[in-house]
Amino acid sequence: MKTFLEAWDNPAATRYELPAIDVNEVLAERYQLGKPLVFTRTMLWDLEVRKARRPDLFIPFVVASGSAESWGEGDIFVRKSMQRLWTQPDTYGLVLEQTQLDHANQIVTFIGATELAGSDGEPLRADSRQPVFHVQHSVGGTENQPLNLWRIVHLTDAPDSGIIAVFDRIAAAPWLPEFIEIYVRDVLGISVTRSG
C-alpha cells in the first residue's frame, strides 16, 4: 500500500482514476438479466479476490488465455500474465505483480515489478515496452449499492498523454467492466446481455 501511495503522489507519474461505477444502476440501465439480481458489495469483493488470482478468467480481453499464474499462500502473492500493452493493444507483454488482498478495507493492490523470481525460482523479466504500473481495485458503497473503484499509476518520468487517452476511452464506455459481466454469467449463473 505504501509503495502505491508514494507512486501515486509522484507528480512525474502517469495516474488515472476511473469514475466510481454503481454496479446495480448500470445493470438496471444497460443490461437484460436472466433473472432479477441485486448485486452486493459481498459479491463484488468475492469477484475481486477471484480475479486477483485468475485474471485470465475475468479479464480475457486484457490477459492472454492460459498465461496467468500466481504463487504464494494467503493474501500476499505474486502473479504473472501476458497482458495487452496499453498503447499497442495488438501486442502482449509479460506483466509481473506483487499482490496484496486487504479484506478489511476491500482493496486489492498490485505492485508492478521489472523482475521477480518465478514459481520455480528462475528470474522473470517484465516486458519493457511500457512503463511498470501499480493498480488498486477496491469496493465502495453499501452492501446493496456497491461501487466498483479502480485506479492505476505508471512509473513514468513525466505524465504520458498516450496512456491517459487509453483510460479516457475506457472511462467513456457505458458498460460495466467485463469482469462483472463474467462474474454474473459464470459464477452466479445468470444470463447477462447488453441492451441499453
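The values are calculated or read from the model by the stated rules, or taken from the named source; none is laboratory data. Quantities reported herein were computed from a predicted structural model and do not represent experimental measurements. Glycine gets a Cβ as well: all are built from the backbone with ideal geometry, and neighbour counts include every protein chain shown. The protein model used for the area step is the full one, side chains on, heavy atoms only, and it has no ligands, DNA or RNA in it. Shrake-Rupley method; radii C 1.70, N 1.55, O 1.52, S 1.80 Å.
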Relative contact order as a percentage, the chain, C-alpha pairs under 8 Å and 6+ apart, gives 32
Taking a label point 7 Å from the Cα of ILE190 along Cα-to-Cβ, the residues of segment 37-65 whose backbone nitrogen sits under 20 Å from it are 37-51, 58-59
A chain fully extended from GLU115 to PHE77 at 0.36 nm per residue, minus the present Cα-Cα distance, gains in nm 12.2 nm
In order over segment 92-101: 3J(HN,Hα) from phi, Karplus 6.51/-1.76/1.60, θ = phi - 60°, whole Hz, x for each Gly or Pro, gives 9, x, 6, 10, 10, 9, 8, 10, 9, 9
Note on the chain: helices (DSSP H) long enough, at least 15 Å by alpha carbon along their axis, and hydrophobic enough, mean Kyte-Doolittle at least 0.5, are 161-172
Ranking LYS51, LYS2 from most to least accessible area with a 1.4 Å probe gives LYS2, LYS51
For TYR31, the residues 5 or more places away or on another chain with a placed amide H closer than 5 Å to its own amide H are SER195, GLY196
For the chain, the per residue accessible area (1.4 Å probe, Å²) is 50
Excluding residues fewer than 8 positions from LYS35 in its own chain, the aspartates and glutamates with Cα under 15 Å of it are GLU181, ASP186
Counting only residues 5 or more apart in sequence or on a different chain, those whose built amide H sits under 5 Å from that of ARG15 are HIS154
Carbon plus sulfur, as percent of the 1.4 Å-probe accessible area of segment 61-123, comes to 49
Rounded to two decimals, the Rg over Rh value of segment 23-62 from Cα coordinates and the Kirkwood Rh reads 1.03
Per the charge dipole of the chain (beta-carbon charges, Lys/Arg positive, Asp/Glu negative, Cα centre), the residue among THR91, VAL135, VAL192 reaching farthest to the positive end is VAL192
Given 37 °C, 0.692 mPa s and a Kirkwood radius over Cα pairs, the Stokes-Einstein diffusion coefficient of segment 1-88 in µm²/s is 203
With a Förster distance of 41 angstrom and the Cβ-Cβ distance between GLN145 and LEU94, calculated FRET efficiency to the nearest 0.05 equals 0.60
Expressed to one decimal in nm², the mean projection of the alpha carbon convex hull of segment 86-168 is 7.5
Extension length gain for ALA104 and ARG54 (0.36 nm per residue less Cα distance), in nm, is 15.9 nm
As straight-line cross-link partners of LYS80, the qualifying lysines (C-alpha separation under 20 Å, not fewer than 8 residues apart within one chain) are LYS51
The Cα extents of the chain along the principal axes, largest first and rounded to whole Å, are 47, 37, 34
Any residue on another chain or 5+ positions along whose placed amide H is under 5 Å from the amide H of LEU147 is listed here as GLY140, GLY141, THR142
